[in-house]
């Protein structure tokens, strides 16, 4: 039997050669059923597509990679659907890639750039300020970071989309102050966090200072351990440490809703009531918050809108159109059932 | 200037040629900092690695792809970390790929097999019985499906790991019966669901039949719409429809905890109390359940153990070792605060 060609496959499947080619390269316009039939036939006939041509195609894949740090973080959940819709609607493939808390997202991005050569990258979470990201500029991959904004964006072909964590944090603390709370404990992230957790802690400090309230370092809780601070467990454990210190405070500001959820659980177990005994607030505006009892006072981030904008900015960068390097959204103060007047 | 070779890069970076090669191909044993320096230098010198060799390497990538259907489903969250740990610990790359609710996961798997040729695939969710999966056998990619078990696994180099949804569902209904509930409404998934949702509904029917309780089709709620039934919103909306029918029932069995969370929210809004007015139960044992008020009576699935086992079975298949085709875990009846005697 002579060598099987693409024409043999096309003939046997009763389709054109270009359809077979589309099947092999998974062209966006091919019907997946047709494709399955063709792939079966290829296997059956033992046809081997010219591998150089195939590899070339693979290098040209139209992929947008979404790198997420902290996939356990419920905050990113509603973004996935928006990102995938927008990315595929615009003719790209959507690839979601997870970065471990202790890993550097840029290392993962570089690995990915070798493996699949994406047309662009969207970072969900992680630390923006990382100088390493300049490497992406050098290897020519455009990227957008969300949900964090950085004022000094010097890297070419990149942008950031998010809320201003510092200002939003001030907004939250000002709300607590407006209720008469002056002694506000804060549960932050790692002490060496250079990202959103610390921006929120800094916003807290600034709001107090602007209101002539001295900062009590005892009321500022951060962790040194290598643990994920955006979890229920972290809040659940940390509130015990805070209460054991027998400090005087009337409100607890958790830098994420996840932390607040853990805190409220532990308070309930101890017979401590919120807001009667302590006002408790979070940050993020998780979807689950609407279903909690009590609902938590928080800053709602417009996550769907942020995801949509991140995509559009990235597409503009890729196609050489003008784009905004920094897109700042405003958060919404959501008054739930965990806050009351002092 | 003569053509830049890999030796020039090695010399300038003060590393060996094999280290440069490792950097280019992202060998697991290369330090990522070293790799970044080398990649920068490659860019700087304008060195182009032999593309045929690179493409060959790319075909040999050691990737395990994890395909998840319903990434919004909180149930899968705790599995990610386990899967990534196990996959990377065993020298493979971890790739997470999302499948839309309306898409066929096998189409996505085929696309992936063209793009990156994974060594194996783990499916999280989706429908196992799909005949299409035979294509994976044909193209020679081993796979494991979790969290669903199928009795008749005829496909070579594949396995399934999960709980027996039918039996576990019976366990839940038997518990409700033991509390004296005889009229039990059930909120299921789509009427045409051939997967876990329907197995749970069938388990409910079987438990009633075995206890000589006639099945009232009015109390069985499924949806025909193209919506994701494993969401809070679905439960929130559906309980209204159920209550509007003014049917007589004392317990509500939701085929997922997510549905139960939505149901409980709506009941609270209406001033209806659980368990006083209705006992409400879920299924899955979501992590968030421990933090809810009230906690929901549910079937806890051993998700971490299931993920670990799925990996180990897949590794055994890949390395030609013996493996169990069907691994069934037992679920745990968790008695929360939403159930009481009739």
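The values are calculated or read from the model by the stated rules, or taken from the named source; none is laboratory data. Just so you know, these numbers come straight off a predicted model, no measurement behind them. Every residue, glycine among them, receives a Cβ derived from its backbone with ideal geometry; neighbour counts consider all protein chains shown.
Please tell me if residue A:255 is in contact with a helix residue (DSSP H, G or I) (Cβ under 8 Å, 6 or more places away or on another chain), within 12 Å of another protein chain (Cβ to nearest Cβ) and closer than 21 Å to residue A:74 by Cβ. For residue A:255, the condition - in contact with a helix residue (DSSP H, G or I) (Cβ under 8 Å, 6 or more places away or on another chain), within 12 Å of another protein chain (Cβ to nearest Cβ) and closer than 21 Å to residue A:74 by Cβ - is not met. You will find that of B:207, B:260, the residue that is surrounded by 12 or more Cβ atoms within 10 Å (Cβ to Cβ), modelled with pLDDT of 95 or more and closer than 13 Å to residue B:184 by Cβ is B:207 and no other. When we screen A:24, A:71 for residues that are under 17 Å from residue A:9 (Cα atoms), buried (at least 21 other Cβ atoms within 10 Å of the Cβ), within 8 Å of chain B (Cβ to nearest Cβ) and modelled with pLDDT under 85, the only hit is A:24.
Looking at residue A:37, is it modelled with pLDDT of 85 or more, over 27 Å from the mean Cα position of the chain (by Cα) and within 11 Å of chain B (Cβ to nearest Cβ)?
On the way: modelled with pLDDT of 85 or more: yes; over 27 Å from the mean Cα position of the chain (by Cα): yes; within 11 Å of chain B (Cβ to nearest Cβ): yes.
Yes.
Screening residue A:299 on (1) touching a helix residue (DSSP H, G or I) at 6+ places or on another chain (Cβ under 8 Å); (2) outside any helix (DSSP H, G or I); (3) free of Cβ contacts under 8 Å to residues at least 40 places away in the same chain shows it passes everything except condition (3).
Look at region B:122-141: where a residue is more than 19 Å from residue B:327 (Cβ to Cβ) and outside the structural domain of residue B:106 (by the TED database), no partner that is at pLDDT 80 or above and crowded, with 22+ Cβ neighbours inside 10 Å sits 6+ places away or on another chain with Cβ atoms under 8 Å. Scanning region A:296-311 for residues that are crowded, with 17+ Cβ neighbours inside 10 Å and within 14 Å of chain B (Cβ to nearest Cβ) yields A:296, A:303, A:307.
In region B:138-151 there is no residue matching the filter, namely being farther than 22 Å from residue B:312 by Cβ and either within 21 Å of the chain's Cα centre (by Cα) or crowded, with 23+ Cβ neighbours inside 10 Å (or both).
If you go through region B:275-295 and keep only what is surrounded by 24 or more Cβ atoms within 10 Å (Cβ to Cβ) and within 11 Å of chain A (Cβ to nearest Cβ), you end up with just B:286.
Could you check how many residues of region A:10-20 are surrounded by fewer than 19 Cβ atoms within 10 Å (Cβ to Cβ) and modelled with pLDDT under 80? Of the residues in region A:10-20, 3 are surrounded by fewer than 19 Cβ atoms within 10 Å (Cβ to Cβ) and modelled with pLDDT under 80. Against the test of being modelled with pLDDT of 80 or more, surrounded by 13 or more Cβ atoms within 10 Å (Cβ to Cβ) and not in a helix (DSSP H, G or I), the options B:87, B:64 yield a single qualifying residue, B:64. Mind checking whether some residue in region B:98-112 is within 12 Å of chain A (Cβ to nearest Cβ), assigned to a strand (DSSP E or B) and either at pLDDT 80 or above or within 19 Å of residue A:85 (Cβ to Cβ) (or both)? Scanning region B:98-112 turns up at least one residue that is within 12 Å of chain A (Cβ to nearest Cβ), assigned to a strand (DSSP E or B) and either at pLDDT 80 or above or within 19 Å of residue A:85 (Cβ to Cβ) (or both).
The requirement of being at pLDDT 95 or above, within 28 Å of the chain's Cα centre (by Cα) and outside any helix (DSSP H, G or I) is fulfilled somewhere in region A:302-315, by at least one residue. The set of residues in region B:113-135 that are modelled with pLDDT of 75 or more and away from every other protein chain (no Cβ under 11 Å) comprises B:118, B:119, B:120, B:121, B:122, B:123, B:124, B:125. Please go through region A:211-231 and give me each residue that is touching a residue at least 60 places away in the same chain (Cβ under 8 Å) and crowded, with 16+ Cβ neighbours inside 10 Å, ordered by number. A:228, A:230, A:231 - these are the residues of region A:211-231 that are touching a residue at least 60 places away in the same chain (Cβ under 8 Å) and crowded, with 16+ Cβ neighbours inside 10 Å.
Yes or no, residue by residue, for (1) farther than 25 Å from residue A:296 by Cα; (2) in contact (Cβ under 8 Å) with a residue 24 or more places away in the chain; (3) not in a loop (DSSP other than H, G, I, E, B):
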position: B:203; (1), (2), (3): yes, yes, yes
position: B:209; (1), (2), (3): yes, no, yes
position: B:233; (1), (2), (3): no, yes, yes
position: B:240; (1), (2), (3): no, yes, yes
position: B:246; (1), (2), (3): yes, no, no
position: B:261; (1), (2), (3): no, yes, yes
position: B:267; (1), (2), (3): no, yes, yes
position: B:275; (1), (2), (3): no, yes, no
position: B:290; (1), (2), (3): no, no, yes
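Checked against (1) farther than 24 Å from residue B:263 by Cα; (2) within 16 Å of the chain's Cα centre (by Cα); (3) not assigned by the TED database to the domain that holds residue A:84, residue A:285 passes all but a single condition, namely (1).
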